[in-house]
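Take a look at the structure set out below.
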């Protein structure tokens, strides 16, 4: 059994600077220590997949990071681990607890199956793992193995945390409370989009500079951004649908002097709507979140989303975004881009469905996209 402080101290010496997590009683002391430690940042994610995406964004931004959560939520993280981390070659350290571990004392029924398959999930995803250290002298060599593997392979590494690996906490730690002032929003009125996604993305791209980081969500958004002009400050997300805003949060926190612009979609945002709450809590002033809403999953056949009945601006405001806007014209969107970097901003834009024929896919590979972003921000 080790103290959380001992693990955090050695982890920081190994370079880890950000922990993103979802609570589990097995790692309560570690989460509390990460919150209290002046040497690391802690981001409380609303779900396990978002924790992975936030840590991955921070890693791209130059801060080696950790995602930690209970194994009952491991399934939620499978999507980004397989289609973000393994696809873009983004290494993060995973701390996953082992509830329902076989041949141990009875745990709650919901942990039985996941407990039996937790190591196998790591194996299926080609993520090497070992048991979390239980003795102080094991911490440094364990983290050394993890760091060396991640550097050599640009892939995640896992530590499975058994019950009793960490000492119980002495008390509770709370994330710093932040006063929430909800900005006024225009009454939501259903409107049809007047402009295409391509026109909006072209406007966004033309109003960014090389120092900005521009991320486009899964589907046609990334392909259209690439078709308009490939640049090394752009990320074309594939897979890990719904995670682009969390990736943007991780980058924004690790690169506070850069403007980070996230181009999201209605279907993607709805898939992980809880991410807005985490972003609103963290409130990075350098993050601009633009939601392009055409009310359909266009790249998968045009099935309708439920966005026609959703007031995204009200949701963003209630989640803590300091500035929200419903834009209907190119000039209004440009105005929000020009004023970004003053406070966390959310812009909801209705667009028309439609895509150009023969839209190309990026010829630059996801690992190349990730590496050149790292090089740009290093």
Descending packing, highest mean Cβ count within 10 Å first, for 313-324, 229-240, 3-14 is 313-324, 229-240, 3-14
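Rounded to two decimal places and with Rh computed the Kirkwood way over Cα pairs, what is Rg over Rh for segment 197-377?
Working: Rg = 14.8 Å, Rh = 16.0 Å.
Ratio value, two decimals: 0.92.
What is the extension gain from residue 359 to residue 377, computed as 0.36 nm multiplied by their sequence separation minus the C-alpha to C-alpha distance, in nm to one decimal? Let's see the in-between values first.
Details: separation 18, 0.36 × 18 = 6.48 nm, distance 2.91 nm.
Using 0.36 nm per residue and subtracting the Cα-Cα distance, I get 3.6 nm.
Could you tell me the calculated FRET efficiency between residue 352 and residue 231, based on Cβ-Cβ distance and R0 = 22 angstrom, to the nearest 0.05?
Details: r = 25 Å, r/R0 = 1.15.
It comes out at approximately 0.30.
For 297, 363, which order do you get if you count the other beta carbons within 10 Å of each Cβ and list the fewest first? Intermediate results must be reported in sequence, preceding the final value.
Details: 297 19, 363 8.
Listing 297, 363 from fewest to most nearby Cβ atoms yields 363, 297.
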The simple spin-label model distance between residue 306 and residue 182, using points 7 Å out along Cα→Cβ, in nm, is 2.0 nm
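Let me know the Kirkwood hydrodynamic radius for segment 160-298, please, with Cα pairs as the basis and the value in Å to one decimal.
17.1 Å
Mind giving me the FRET efficiency for residue 103 and residue 14? R0 is 22 Å, r the Cβ-Cβ distance, nearest 0.05 is fine.
On the way: r = 32 Å, r/R0 = 1.45.
Plugging the Cβ-Cβ distance into 1/(1 + (r/R0)^6) gives 0.10.
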Full extension between residue 110 and residue 134 adds, at 0.36 nm per residue less the Cα distance, a length in nm of 6.1 nm
Most exposed to least, judged by fewest other Cβ atoms within 10 Å, 281, 220 sort to 281, 220
If the label point sits 7 Å along Cα→Cβ of residue 117, residues of segment 46-81 with amide N under 15 Å come out as 71-79
Here the FRET efficiency for residue 163 versus residue 210, based on Cβ atoms and R0 = 56 Å and rounded to 0.05, is 0.70
So, for the Cα atoms of segment 336-378, Rg and Dmax in Å stand at 16.2, 39
CD proxy, 222 nm, the chain: helix-only mean residue ellipticity via -39,500 (n - 2.57) per DSSP H run with n ≥ 4, per residue, nearest 500, stands at -11500 deg cm²/dmol
Listed with the fewest Cβ neighbours within 10 Å leading, 50, 36 appear as 36, 50
quick note, the chain, DSSP beta bridge pairs, % antiparallel (nearest 5) is 5 percent
Helix 366-377 sits off the longest principal axis of the Cα atoms of the chain, rounded to the nearest 10 on a 0 to 90 degree scale, by 90 degrees
If one compares the long axis through the Cα atoms of helix 136-153 with the longest principal axis of the Cα atoms of the chain, the angle in degrees, nearest 10, works out at 40 degrees
Between the Cα axis of helix 112-124 and the main Cα principal axis of the chain, the angle (0 to 90°, nearest 10) is 70 degrees
In whole µm²/s, the translational diffusion coefficient that Stokes-Einstein assigns to segment 4-161, given a Kirkwood hydrodynamic radius over C-alpha pairs, 4 °C and 1.567 mPa s, equals 84 µm²/s
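We did not get these values from a lab; they are worked out from the coordinates using the rules stated. Model, not experiment: these values are computed from the prediction. Cβ sites come from the backbone with ideal geometry, for glycine too, and all protein chains shown count toward neighbours.
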